[in-house]
Amino acid sequence: DRRGLRYRDQTELGLAQIRTELDSVVDFWLRHSHDAVHGGFFTCLGREGAVYDELKYVWLQGRQVWMYCRLYRTVDRFRKPEILEAAKSGGAFLRKFARVSSTSGQWKCAFCLTRDGKAVKIQRTIFSECFYIMAMDELSRVTGDKDAQLEAEQMMKQLIHWVRVDSSDLGRPQLPGDVPTNSMAVPMMLLCLVQQLTEGRGQEMALKYRELGSWCVKQILQHIQRDGTAVLENVSLDGAELSGCQGRLQNPGHALEAGWFLMQYSAEWGDEELQRTAINKFVELPFQNGWDKEHGGLFYFLDVDGHCPTQLEWSMKLWWPHCEALIAFLMAYSQTKKPELLESFSQVYKYTFSHFPDESGEWFGYLTQEGKVALDFKGGPFKGKKKKK
């Protein structure tokens, strides 16, 4: 219909601008982030690209290696020697310094390192390890380094043990008042890793992680609560709603991200029911509930009962939920061809590209509720080179 044609035309223009932005972002990080002395990447970059802190955050190092490798492998215009060399430098730095031995003899990745690779901090979570796995697997694909692939699979085996068998080696004490929780970030990231490790590696690898992928999907679907009217960030281990602020918390960006992970999984295994659930409950619903009707953009956090969230940054507009929404709606449209999904993509696109890009290169990451720049750095402990498939 005419509406569909109009939004398809707008989308073509939008995709052209996205390609231009991607070129600019890659150039920004190539010019400013590489540490020619010690290897790896600086991630704390100011508005113009100046380094304001030399600490190197392992999960962001992993994301940057992954992105360089992915671009080099899959996009012809990025098949440049400087991109491959940057990826190899980051990978070598990670392999040399990121892993620190725990008291049990298992490898744990540091959260951040000094410029020359000394461990500064270790978190009691799995996320540094997640991005180490993604970096090593993608690096192995562009270099042919089988040891890097083996390291990714060994770390994945350890991750699965921490999540599904025994988390004690993460270092988090079991306190009597601490209620065990299914946080959506964990099965969501494991599903992402399953898709990363199995992509193009044949039936044997797909079957190796088939049960884990199915488990991750079931864990994610537990977060659909209140008779299908809300996606909650935290639920109990048996899928029940938790009490208090933790139980009422919503993170629209995470829900949207989980949505496109589920869509990818449903396409791989031909699961049409899962595809419908992913689009209806993890894409359209969080977008409807999370969009700021007054100022535009997606809220960072919400309380399902309408209370003020206790996260101080709850009303801010961050770059990454909007990236997740762009991917989710474009993927949903590509799978269904429903024009309303393209219309939502256009809505997110207009806000995103009129607020986050900066003429100095790269994007601002943190805006006020009204859409004004709150923090003008381009990289920090939690924002690096954007990682997207």
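Laid out as a table, the results:
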| item | result |
| --- | --- |
| Taking all pairs of distinct alpha-carbon atoms in the range 210-361, Kirkwood radius in angstrom | 15.9 |
| Size of electric dipole in the chain: Cβ of Lys, Arg +1 and of Asp, Glu -1, about Cα centre, debye, nearest 20 | 720 |
| Order of exposure, largest accessible area first, which applies to W291, W215 with probe 1.4 Å | W215, W291 |
| Pair F353, V100: separation of 7 Å Cα→Cβ label points (nm) | 4.3 |
| Taking the C-alpha atoms of the range 22-169, convex hull volume expressed per residue in Å³ | 110 |
| Amide proton proximity set for V100, modelled H, under 5 Å, gap of 5+ | K108, C109, A110 |
| Cα convex hull of the chain, projected area averaged across orientations, nm² | 19.3 |
| The range 239-256 and the range 139-184: distance between their alpha carbon centers, rounded to Å | 23 |
| Label-to-label distance, nm, for residues given as L312 and E268 (7 Å Cα→Cβ offset) | 3.9 |
| Cα-based shape type of the range 93-232, given that a ≥ b ≥ c are square roots of the gyration tensor eigenvalues and the cut on a/c is 1.5 | oblate |
| Largest to smallest accessible area among E343, E48, E54 [probe 1.4 Å] | E48, E54, E343 |
| Of all accessible heavy-atom area on the range 153-196, the percent that carbon and sulfur account for (1.4 Å) | 55 |
| Given charges at beta-carbon only (K, R positive; D, E negative), |dipole| of the range 22-169 in Debye | 120 |
| The range 78-83 - phi-based ³J(HN,Hα) in whole Hz, Karplus 6.51/-1.76/1.60, Gly and Pro as x | 9, 7, 10, x, 5, 6 |
| Cleavage-rule hits, GluC sites (Glu not before Pro), the range 269-332, DSSP coil, Cβ neighbours within 10 Å at most 15 | E294, E313 |
| Rounded to the nearest 10 Å², the accessible area of F97 at probe 1.4 Å | 50 |
| ³J(HN,Hα), Karplus 6.51/-1.76/1.60, whole Hz, each residue of the range 239-248, x for Gly, Pro | x, 9, 5, 8, 7, x, 4, 4, x, 8 |
| Within-11-Å neighbourhood charge of R172 [Cβ basis; K, R +1; D, E -1] | -1 |
| Sequence of R70, R95, R164 when ordered by accessible area, the most exposed leading, probe 1.4 angstrom | R164, R95, R70 |
| Farthest toward positive dipole pole in the chain [+1 Lys/Arg, -1 Asp/Glu at C-beta], among I133, Q246, Q149 | Q149 |
| Surface accessible to a 1.4 Å probe, per residue, for the residues of the range 161-306, Å² | 44 |
| Rg over Rh, two decimals, the range 64-130 (C-alpha only, Kirkwood Rh) | 1.08 |
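The values are calculated or read from the model by the stated rules, or taken from the named source; none is laboratory data. Since we're looking at a predicted model, the values are computed, not measured. Backbone-built Cβ (ideal geometry, glycine too); neighbour counts: all protein chains shown. Quick note on the areas: whole protein, heavy atoms, side chains included, nothing else; ligands and nucleic acids left out. Shrake-Rupley method; radii C 1.70, N 1.55, O 1.52, S 1.80 Å.
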